[in-house]
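Note sheet for the following structure.
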Amino acid sequence: MLESVIRGDESDRGLLTLLYQGLDDATVARRLGVSHRTVQRRVQRIMSDLGVSGRFALGAKAQELGLIPDITPSPNSRGGRTG
């Protein structure tokens, strides 16, 4: 299973990218056209495959492995406003 995640199964990459953008499970489910429970199960499977225990660790590991793009916050995103 780890190999499929590292190779970057497109559906897993899409799910990880949406989570990394800060979307909740319900919104991710709607965007992917699957059930909320399916998203939860897939997240748990990916976390298990990558050997992490928590969504923060999942995001860090996925980025480390190059599974999600480097997303630079937009000027309108939370935090980082100056002036």
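The values are calculated or read from the model by the stated rules, or taken from the named source; none is laboratory data. Because the structure is a prediction, the values reported are computed rather than measured. A quick note on method: Cβ atoms are made from the backbone with ideal geometry, for glycine too, and the neighbour counts reach across all protein chains shown.
Would you mention how many residues in segment 21-45 are outside any helix (DSSP H, G or I) and of a type outside the set (A, V, I, L, M)?
Residues flagged as outside any helix (DSSP H, G or I) and of a type outside the set (A, V, I, L, M) within segment 21-45 amount to 5.
Among the residues of segment 46-65, write down those that are free of Cβ contacts under 8 Å to residues at least 12 places away in the same chain and crowded, with 16+ Cβ neighbours inside 10 Å.
Passing the criteria: 47, 52, 61.
Considering every residue within segment 44-54, establish whether at least one is at pLDDT below 85 and touching a helix residue (DSSP H, G or I) at 6+ places or on another chain (Cβ under 9 Å).
No, because not a single residue in segment 44-54 is at pLDDT below 85 and touching a helix residue (DSSP H, G or I) at 6+ places or on another chain (Cβ under 9 Å).
Go through segment 26-45 residue by residue and tally those that are surrounded by fewer than 18 Cβ atoms within 10 Å (Cβ to Cβ) and closer than 19 Å to residue 61 by Cβ.
Summing the residues that are surrounded by fewer than 18 Cβ atoms within 10 Å (Cβ to Cβ) and closer than 19 Å to residue 61 by Cβ in segment 26-45 gives 4.
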